[in-house]
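This report refers to the structure that appears directly beneath it.
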Amino acid sequence: MMHGQGGGGNWAQDDIQGKIYDRRLYARLLRYLKPYKWMVIVSFLILMLITTTELILPLITRTAIDKYITSDQTIAIFEDNGYYETFVKRYEFLKRDEGRINGRAYLIFSTKDRTRIDKTELNDLEQRHILSRINIYTIANKEDNRQILNRR
């Protein structure tokens, strides 16, 4: 160890010699954990679960905000089944929810994905009143929600 005077204060510098990782030392230390082996294993598993949960929470929050709180979704409602099938095949790369209500097919996709649709086709969809310019909010199709919506 060196001691010195510099910059108005004392300082010390340690010289590290030898191995940083000593297998024999760790083997001796692990002997003390042997009676608590199951507690260590359970603690490690709980630690992994907590870490995974903490990593997933921001993803859940992002999904909740992007999909349910602020709407950035667009809906396209197709009366013509042939045109619907053609559109789905052409733009199968779009992330979308799809379904049928009263014989009409609908697609719900992110407004950001509108930029991935050909401009002339986008204009055609808007002129045919298939694609809405307004953003939409989606809710689960449950009886409670239908009653709330029908209360107008």
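The values are calculated or read from the model by the stated rules, or taken from the named source; none is laboratory data. Computed from a predicted model, the values in this text were never measured in an experiment. Neighbour counts run over all protein chains shown; Cβ positions are idealised from the backbone, glycine included. Only protein heavy atoms, including side chains, enter the accessible area calculation; ligands, DNA and RNA are left aside. Shrake-Rupley method; radii C 1.70, N 1.55, O 1.52, S 1.80 Å.
Worth a mention:
- In Hz, Karplus ³J(HN,Hα) per residue of segment 30-39 (6.51, -1.76, 1.60; θ = phi - 60°; x = Gly, Pro): 5, 4, 6, 8, 3, x, 10, 3, 5, 5
- Computed P(r) (all Cα pairs; segment 52-104; 5 Å bins; percent): 4, 15, 19, 17, 14, 13, 9, 6, 3, 0
- Length available on full extension from Glu98 to Asp144: 0.36 nm per residue minus the Cα-Cα distance, which gives 14.4 nm.
- Once backbone amide H atoms are built at 1.01 Å from N, Gln73 has Thr111, Ile136 as its partners under 5 Å, excluding neighbours fewer than 5 places away on the same chain.
- Within the accessible area of segment 70-128 (1.4 Å probe), percent carbon and sulfur: 48 percent
- Counting Lys and Arg as +1 and Asp and Glu as -1 over every other residue whose Cβ lies under 11 Å from the Cβ of Ile130, the net charge comes to -3.
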